[in-house]
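Q: This is the structure I want to talk about, given as structure tokens.
Values in this text are rule-based calculations from the coordinates and carry no lab data. Every value quoted in this text rests on a predicted model; they were computed, and no experiment measured them. Reconstructed Cβ throughout: ideal geometry from the backbone, glycine too, with neighbour counts over all protein chains shown.
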Amino acid sequence: MSERSDAVCELKTSTARAGIALGSNLGDRLARLRAARASLSRLPGVERPLLTSAVYETEPVGCEPDAPEFLNAVIEIGYAGSAHKLLRALGKIETAGGRSRAHARNASRTLDLDLLYFGDQTISESDLELPHPRLHERRFVLEPLAEIRPDLVLPRATDNVAELLRRLPESRPLLRVTSEW
């Protein structure tokens with residue numbers, strides 16, 4: 001095997017820490033987040049530890065008028081596979097959680113799973129951008145992420161997650177719903 005082939009095999013089999021944002025604003029929101037977390041923990045290639053933030057109730061951002069409040073959380077997993085493979089698995093979990101693949105962007109949803117980061121990878125493709133391009137603007141993502149990984153410095157960033165959170169403009173505080181879910 002060539003040196004390049006060895007490097008490609010090593011990339012495919014190494015474990016990356018991956019951050020995933022979970023959100024729901026339709027139906028039994030907490031039950032959907034719990035089911036998604038359970039599905040994530042059972043994915044082939046997921047390794048421990050599984051880091052889980054508390055669940056927060058948050059205002060809908062960019063949704064239709066009178067959209068219900070969201071429940072949001074962030075989970076970090078170890079994943080032995082590619083970012084694209086994990087993204088496909090997240091799509092299957094969303095579908096199992098009642099989300100249509102033809103779902104309108106920023107509309108209310110039963111389940112939303114966003115891949116926030118995947119190790120130190122930077123990807124800019126039509127179906128996947130890492131780190132997530134709006135992560136640094138979203139309190140509903142940064143606050144739960146800062147709870148589990150305050151010192152994390154994302155690719156392309158110079159400041160850690162806690163500092164990114166501190167720099168956000170003042171807004172309505174997130175309501176912590178539960179730590180045990």
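Q: So, in region 163-176, of the ones that are surrounded by 12 or more Cβ atoms within 10 Å (Cβ to Cβ) and charged (D, E, K, R), which residue ends up nearest to Ala54 (Cα to Cα)?
A: Arg176
Q: Report, ordered by the first and then the second residue, all pairs with beta carbons closer than 8 Å, sequence separation of six or more or different chains, a first member in region 114-136 that is within 20 Å of Val61 (Cβ to Cβ), and a second member that is of a type in the set (Ser, Thr, Tyr) and part of a strand (DSSP E or B).
A: Here the result reads Pro131/Tyr117; His132/Tyr117; Leu135/Tyr117, each pair linking region 114-136 to a residue that is of a type in the set (Ser, Thr, Tyr) and part of a strand (DSSP E or B).
Q: Anything in region 102-119 that is surrounded by 13 or more Cβ atoms within 10 Å (Cβ to Cβ) and either more than 12 Å from the chain's Cα centre (by Cα) or under 20 Å from Leu30 (Cβ atoms) (or both)? List them, or say none. Reasoning before the result, please.
A: First, the residues of region 102-119 that are surrounded by 13 or more Cβ atoms within 10 Å (Cβ to Cβ): 103, 106-119.
Residues satisfying the conditions are His103, Asn106, Ala107, Ser108, Arg109, Thr110, Leu111, Asp112, Leu113, Asp114, Gly119.
Q: Return yes when Gly78 is closer than 20 Å to Ser39 by Cβ, among the small types (Gly, Ala, Ser) and surrounded by 19 or more Cβ atoms within 10 Å (Cβ to Cβ) and no when it is not.
A: No.
Q: Under 6 Å by Cβ, and 6 or more places apart or on different chains, what pairs join a residue from region 139-162 that is buried (at least 16 other Cβ atoms within 10 Å of the Cβ) with one that is in a helix (DSSP H, G or I) and among the charged types (D, E, K, R)?
A: Going by the 6 Å Cβ cut-off, there are no qualifying pairs.
Q: With respect to Leu43, determine if the residue is closer than 17 Å to Leu113 by Cβ, surrounded by fewer than 22 Cβ atoms within 10 Å (Cβ to Cβ) and touching a helix residue (DSSP H, G or I) at 6+ places or on another chain (Cβ under 7 Å).
A: Taking the combined requirement at face value, the residue satisfies it.
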